[in-house]
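Student: This is the structure I have questions about; it appears just below.
Each value in this text was obtained by applying a stated rule to the coordinates, not by laboratory testing. Model, not experiment: these values are computed from the prediction. Backbone-built Cβ (ideal geometry, glycine too); neighbour counts: all protein chains shown.
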Amino acid sequence: MSSINTKALEELKDSKVKLLIELGLISHYQMRTSCIGSFTDEMRSISEQLRIIDSKLYEASGASIPDKSSGKCPHCGSSSEGKFCSSCGSDIETFYSKGVEQCSVCNHNVSAGGQYCIACGSKFNR
Ligand SMILES: [Zn+2]
Ligand SMILES: [Zn+2]
């Protein structure tokens, strides 16, 4: 007769999954932010798949900031090549030079000054 009940077993399994996820996330961030460490091609491929999923989730959230090279206004989304948006008049150049930073883990543009990347959840080193 086992001394451990089903509920306790489920909790142990839950804890295991959570710890594995945590370990995986740490590896993922490490792989993307530093060149040291020995990671296999398989690990790198999983990390890349994670990045792509983060990318899709971020774009679907509607909060994503377009790449400067996309030529899209970050405020209204219309195509705009100039310093200022031709549709809404916002200062695109200043926005990209001061208001945006790129996450080193997922490479997404996020609003500058935050503690965490809103696209992938990594903490910024400041
Ligand atoms: Zn605009
Ligand atoms: Zn990120």
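Student: Kindly provide the pair-distance distribution of the chain built from C-alpha pairs, with 10 Å bins from 0 and whole-percent values in order of increasing distance.
Tutor: Cα pair-distance distribution for the chain, in percent: 11, 31, 26, 17, 9, 4, 2, 0.
Student: Among the aspartates and glutamates, which fall within straight-line cross-link reach of Lys56, defined as a Cα-Cα distance under 14 Å, with same-chain neighbours fewer than 8 residues apart omitted?
Tutor: Glu48
Student: So which GluC sites (Glu not before Pro) in segment 35-126 end up in coil per DSSP with only 15 or fewer other C-beta atoms within 10 Å?
Tutor: Those that pass, being in a loop and sparsely packed, are Glu81.
Student: Oh, and also: With labels modelled as points extended 7 Å from the Cα through the Cβ direction, what inter-label distance (nm, one decimal) is found for Cys76 paired with Lys56?
Tutor: 3.2
Student: So between Lys68 and Gln49, what do we pick up on full extension, going 0.36 nm a residue minus the alpha carbon distance?
Tutor: Between Lys68 and Gln49, full extension yields 4.5 nm more.
Student: Counting only C-alpha contacts under 8 Å and six or more residues apart, can you give the relative contact order of the chain as a whole percent?
Tutor: Reported as a whole number, the value is 19 percent.
Student: Around Ile92, what is the net charge, scoring Lys/Arg as +1 and Asp/Glu as -1 over all other residues with Cβ under 10 Å from its Cβ?
Tutor: Cβ neighbours under 10 Å give a net charge of 0.
Student: Then there is this: When the gyration tensor of segment 29-74 is built from Cα positions, what are the square roots of 5 times its three eigenvalues, in whole Å, from largest to smallest?
Tutor: Result for segment 29-74: semi-axes of 27, 13, 8 Å.
Student: Sticking with the crude label model, points 7 Å out along Cα→Cβ, report the distance from Ser111 to Lys18 in nm, one decimal please.
Tutor: 3.0
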